[in-house]
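Student: Take a look at this one; I'll ask things after.
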Amino acid sequence: MTSDSALVQRTRAGDLAAFTTLVERHRDVVLRVATRVVGPADAEDVAQDAFLRAYHRLERFRGDAAFRSWLLQITHNAALDALGRGRRTIAVGEAGAEVPDADGARIPAQRLEQRERSQRLRAKISTLTPAHRAVLVLRDIEGLAYDEIATVTETPVGSVKGRLHRARGELIDLLRRNTYDWELPR
């Protein structure tokens, strides 16, 4: 498999197929991040905007960080720009996938309850401030490292850790208000 940096160099040399490979390789994560910031209705537009911005700014990519981190920073900014233009309200994508029982089956009532819980969790996460929501989603859902999140959000690592701590605290407080959903101790 060709590395991202090699594909970037080939794209800079005029090989559009190399950029197509980069798009295919990172499309899913870009779409997930966009969906979690602007919601599913506008995620495709934000993802396309992010890839266009990346293509036109490829000469500015220095390679100090991974291409994925650089691309997610562009995606994050494109999503915030979309929100700033008064597009849709903020939403969060799939957080908390359905986990099957040991035998692989779920009865319909359990599936419905899990789906409803996931919807309520997404609604709770969407009430967090954009800065807190961004670090929470990037760390706890996407699994990015603190330094990658710092690059994506253009904030120091210490600020990322602080925001993540506050975001988790806010989310726990929100969830405690509905203890019947989450069975959290008071």
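Student: Based on this model, can you work out whether T35 counts as more than 13 Å from H76 (Cβ to Cβ) and in contact (Cβ under 8 Å) with a residue 12 or more places away in the chain?
Tutor: no
Student: How many residues are among the polar types (S, T, N, Q) and within 23 Å of L128 (Cα to Cα) when one looks only at region 1-58?
Tutor: Total meeting the criteria: 1.
Student: Here's something else I'd like to know. Taking the criterion of being under 22 Å from A34 (Cα atoms) and at pLDDT below 85, would at least one residue in region 97-111 satisfy it?
Tutor: There is at least one residue in region 97-111 that is under 22 Å from A34 (Cα atoms) and at pLDDT below 85.
The values are calculated or read from the model by the stated rules, or taken from the named source; none is laboratory data. The model shown is predicted, which means the values in this text are computed figures rather than measured ones. Cβ: placed from backbone, ideal geometry, glycine included. Neighbour counts: every protein chain shown.
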